[in-house]
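Working notes, beginning with the structure itself.
The values are calculated or read from the model by the stated rules, or taken from the named source; none is laboratory data. None of the values given here were measured: they were computed from a predicted structure. Reconstructed Cβ throughout: ideal geometry from the backbone, glycine too, with neighbour counts over all protein chains shown.
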Amino acid sequence: MKGRLIVIEGTDCSGKETQSKRLVETLNQVGKKAVRLAFPMYDTPTGKIIGGPYLGKPEISNSWFPEGAVNLDPKIACLYYAADRKYNIDKIKTYLDQGYDVIVDRYTSSNMAHQGSKILDPDERFHMYQWIDKLEYWLLELPKPDITIFLHMPYQYSLTLRKNRTSLDEHEKDENHLKQAEEAYIELSELYHWDVIQCVAGQNIKSIDRIANEIYHLLQKKEETR
């Protein structure tokens with residue numbers, strides 16, 4: 001049986017990396033073949049272009065764009081991320097054909113949220129979502145996810161959590177961008193009917209274990225109806 005493409009999306013500091021790794025570990029423990037991949041793939045040529053010349057990650061290089069990554073035309077930015085997925089997509093296709101569940105930390109949906117959030121007019125933003133959808137899924141022929149799980153960490157909590165980070169890229173440094181990206185993620189989750197996991201209960205951030213259990217139980221329910 002062909003594997004599933006499961007995307008883990010989320011607002012800043014929502015734990016995408018941690019939860020995608022935990023999910024693979026859990027699936028492997030119960031006897032399922034699962035593997036994790038993440039975009040951008042910073043160890044590949046296209047990923048290095050995004051990490052350094054575009055985002056300006058300190059450990060790679062400064063951004064080459066004088067206006068800064070946040071202010072770059074979002075369609076130009078989208079092309080870099082889409083190229084990274086296209087360049088590396090055979091990795092995903094091979095695993096899927098071998099029956100693996102491929103857990104992906106960020107995908108086309110991340111492009112929609114972060115680049116779409118830069119467009120304030122609702123109608124223009126919606127057209128941007130459609131443009132990215134057409135670019136990546138139709139023109140570049142990337143496989144569509146079977147499941148997209150959105151980890152929602154409210155913006156105010158993200159600001160506190162990111163203080164522990166030692167390396168921030170151009171997007172992560174911009175508080176206004178983080179707020180607008182959260183709003184875009186919520187909008188997209190409703191538009192595309194993603195599964196949503198709330199990372200905060202009441203006034204408290206949920207534990208890593210609690211969120212991991214919610215994700216796994218969500219997938220179990222979907223497996224029962226598969």
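What to note about this one:
- Flag if D97 is in contact with a Lys or Arg (Cβ under 9 Å, 6 or more places away or on another chain), over 24 Å from F126 (Cα atoms) and not basic (K, R): yes
- Tabulated pairs, the stretch 70-99, first closer than 23 Å to K118 by Cα, second among the basic types (K, R) and surrounded by fewer than 18 Cβ atoms within 10 Å (Cβ to Cβ), C-beta under 9 angstrom, 6+ apart or interchain: V70/K173
- The lone criterion from (1) at pLDDT 95 or above; (2) crowded, with 20+ Cβ neighbours inside 10 Å left unmet by L55 is number (1).
- Pair list, Cβ < 9 Å and 6+ apart or interchain, from the stretch 14-28 residues that are closer than 20 Å to M41 by Cβ and hydrophobic (A, V, I, L, M, F, W, C) to residues that are surrounded by fewer than 17 Cβ atoms within 10 Å (Cβ to Cβ) and at pLDDT 95 or above: L23/Y216
- Count of the stretch 86-109 residues, restricted to those that are of a type in the set (V, I, T), in a helix (DSSP H, G or I) and either touching a Phe, Trp or Tyr at 6+ places or on another chain (Cβ under 6 Å) or under 17 Å from W194 (Cα atoms) (or both), is 1.
- Conditions (1) at pLDDT 95 or above; (2) over 24 Å from T94 (Cα atoms); (3) among the acidic types (D, E); number of the one not met by E9: (2)
- Hits in the stretch 14-45 (condition: under 18 Å from R210 (Cα atoms) and either of a type in the set (F, W, Y) or in contact with a His (Cβ under 9 Å, 6 or more places away or on another chain) (or both)): S14
- Scan of the stretch 193-208 for residues that are free of Cβ contacts under 8 Å to residues at least 12 places away in the same chain and not in a strand (DSSP E or B), ordered by number: H193, G202, Q203, K206, S207
- Y157 fulfils the conditions (1) modelled with pLDDT of 95 or more; (2) surrounded by 15 or more Cβ atoms within 10 Å (Cβ to Cβ) except for a single criterion, (1).
- Count - residues of the stretch 181-226 that are more than 20 Å from P145 (Cβ to Cβ) and touching a Cys at 6+ places or on another chain (Cβ under 8 Å): 2
- Residues located in the stretch 188-215, provided they are over 15 Å from the mean Cα position of the chain (by Cα) and crowded, with 16+ Cβ neighbours inside 10 Å: C199, I205, K206, I211, A212, E214, I215
- Per-region count, the stretch 209-226, residues of a type outside the set (D, E, K, R) and outside any helix (DSSP H, G or I): 1
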